[in-house]
Amino acid sequence: MASADASEYRGELQVKATDLAGNVAGGVMVRGLAVSDVGRPTTLGKMDDAFGEAGVVNVDFPAGTRELRLCVSATNHGVAEFTLQIEPGQSFPRELAARLEPGLRIGGFVRDLEGRPIEKARLELVRIAPNSKGRWLHSRLAETKSDSQGGWGVREVPPSLDGLFLRITHSGFKSNQFVEHSRLLMISAISQNNFYSIGIGVLHFLNPEF
């Protein structure tokens, strides 16, 4: 954990993840956003338990942080989201118990206007929500790249679709993003195992740069 001297520049808390049965969830990844006392957001680097104890992740954040938004996930175990807020003079907890619940799987295809698959497009699932000062913040929940057939998929997405949007970028195409309220119109199938499929004919808004 952070030393007394280091705490002048950064804070730290430890996430301990388990599944619904209370078993340690290995392969844990934490993504997050730290918000300062003036509402300035800082995206935290991707953190995981790859080189430490299974299910345990140390989360570093800048000193002066007043709000933390964390997404904790582990493949085949689930996902959990947290929003932690403190007042001046208060401290964040030193430990955070994350009980992971089953998440959604979302996938689809990226194609150009002529229906050809687009490989290596970057896709990011981001949640937009206001902080305590009313400023809209973007928290990245997951990211992946499309394969040679234009296909893509992400696992362990939080069940809530509120404020969720998909950002798509590629070096040879214009970027696009789909906000949750319109993205719901794009869901072509929902199977019994919570797989959301964004249909082949949806992502045709990636236009080549000229």
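The values are calculated or read from the model by the stated rules, or taken from the named source; none is laboratory data. Just so you know, these numbers come straight off a predicted model, no measurement behind them. Methodologically, a virtual Cβ is constructed for each residue, glycine included, from the backbone with ideal geometry; neighbour enumeration extends over all protein chains shown.
In the set Glu67, Glu101, which member is crowded, with 20+ Cβ neighbours inside 10 Å and either in contact with a helix residue (DSSP H, G or I) (Cβ under 7 Å, 6 or more places away or on another chain) or under 30 Å from Ile168 (Cα atoms) (or both)? Residue meeting the stated conditions: Glu67.
The set of residues in the stretch 86-98 that are touching a Ser or Thr at 6+ places or on another chain (Cβ under 8 Å) and either loosely packed, with under 14 Cβ neighbours inside 10 Å or over 18 Å from Arg10 (Cβ atoms) (or both) comprises Ala97, Ala98. If you check Gly78, Gly52 for being small (Gly, Ala, Ser) and at negative phi, only one passes: Gly52.
A single entry from Lys16, Lys46 fulfils the requirement of being outside any loop (DSSP other than H, G, I, E, B), modelled with pLDDT of 95 or more and not acidic (Asp, Glu): Lys16. For beta carbons closer than 8 Å, sequence separation of 6+ or different chains, a first residue in the stretch 72-84 that is part of a strand (DSSP E or B) and a second that is aromatic (Phe, Trp, Tyr), the qualifying pairs are Val72/Phe82; Leu84/Phe92.
Look at (1) at pLDDT below 85; (2) loosely packed, with under 14 Cβ neighbours inside 10 Å; (3) part of a loop (DSSP other than H, G, I, E, B) and you find that Gly39 fails only one, number (2). For the stretch 105-117, a tally of residues being crowded, with 20+ Cβ neighbours inside 10 Å and not basic (Lys, Arg) returns 4.
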